[in-house]
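One structure is given here, and the rest of the page talks about it.
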């Protein structure tokens, strides 16, 4: 990406990542077909929300098994609630992350000529997805935490887990959107690549399961190894952050490597 001491008119006076995010938020509603692709998952959000938190307990087989494992010492319901909010938010806002480059379409050459680095560009695309994700999932979590009576430490721990894993998952979507970016789409449904979506799904699944298990270590230790519970509260989050950063950095790095080739014949 080109660099210069001056900011281009395309980006204005704001810092590049924020300016790119603001530009994406302004562009999305202009094409009704494009807007529909982003708003449809948001319409489905209440359905997901009710299914996770308002449905019958019999449907949560995994939850029942986890609580049986807890032997009455641990109630895993709150952990499943946090996981449900995380997946609901990622489901809605991954669309923005996974089409950030393709969304530029024929205007890509303007972005490519702008005085910004590749890292700033991808950070801007990440910000466009992460900010609304953080707002919506935080509001959802506050509502559920109040309803279920979360303790303050538990609420903070759950919220930080949602934010960290959500950021990692959206970063993976941004990175995997680059190698298969489609700048010649005439239908918004074709902005996303099947290959990009597949590799992003693999990355987010592996990261989510591994990091989620690490975040659950304190609860598991309370049941199996009570003497190590305090250590688990320290080690678990550190391992989760390390796994999230490692996988997300790897896949964003792949995106950065392919970024100069986007739009080239």
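Among (1) closer than 21 Å to residue 93 by Cα; (2) over 17 Å from the mean Cα position of the chain (by Cα), where does residue 161 come up short?
(2)
Residue by residue, here is whether (1) touching a residue at least 60 places away in the same chain (Cβ under 8 Å); (2) out of contact with any strand residue (DSSP E or B) (no Cβ under 7 Å at 6 or more places or on another chain); (3) more than 27 Å from residue 101 (Cα to Cα) holds:
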residue: 224; (1), (2), (3): no, yes, yes
residue: 236; (1), (2), (3): no, yes, yes
residue: 243; (1), (2), (3): no, yes, no
residue: 247; (1), (2), (3): yes, yes, no
residue: 256; (1), (2), (3): yes, yes, no
residue: 259; (1), (2), (3): yes, yes, no
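Regarding residue 124, is this residue part of a helix (DSSP H, G or I), modelled with pLDDT of 90 or more and touching a helix residue (DSSP H, G or I) at 6+ places or on another chain (Cβ under 6 Å)?
Against the criterion (part of a helix (DSSP H, G or I), modelled with pLDDT of 90 or more and touching a helix residue (DSSP H, G or I) at 6+ places or on another chain (Cβ under 6 Å)), residue 124 does not qualify.
Residues 210, 200, 240: which one is in a helix (DSSP H, G or I), under 18 Å from the mean Cα position of the chain (by Cα) and farther than 22 Å from residue 160 by Cβ?
Testing whether each residue is in a helix (DSSP H, G or I), under 18 Å from the mean Cα position of the chain (by Cα) and farther than 22 Å from residue 160 by Cβ leaves just 200.
On the basis of being buried (at least 21 other Cβ atoms within 10 Å of the Cβ) and not in a helix (DSSP H, G or I), does residue 178 make the cut?
Taking the combined requirement at face value, the residue satisfies it.
If you check 200, 210, which single one turns out to be under 27 Å from residue 236 (Cβ atoms), surrounded by fewer than 22 Cβ atoms within 10 Å (Cβ to Cβ), in contact with a helix residue (DSSP H, G or I) (Cβ under 7 Å, 6 or more places away or on another chain) and modelled with pLDDT of 90 or more?
Every option except 210 fails the conditions.
Out of (1) surrounded by fewer than 16 Cβ atoms within 10 Å (Cβ to Cβ); (2) within 27 Å of residue 214 (Cβ to Cβ), what's the single condition that is false for residue 134?
The one condition residue 134 does not meet is (1).
The values are calculated or read from the model by the stated rules, or taken from the named source; none is laboratory data. Worth saying up front: this structure is predicted, and the values here are computed from it rather than measured. Every residue, glycine as well, gets a Cβ built from its backbone with ideal geometry; the counts of neighbours run over all protein chains shown.
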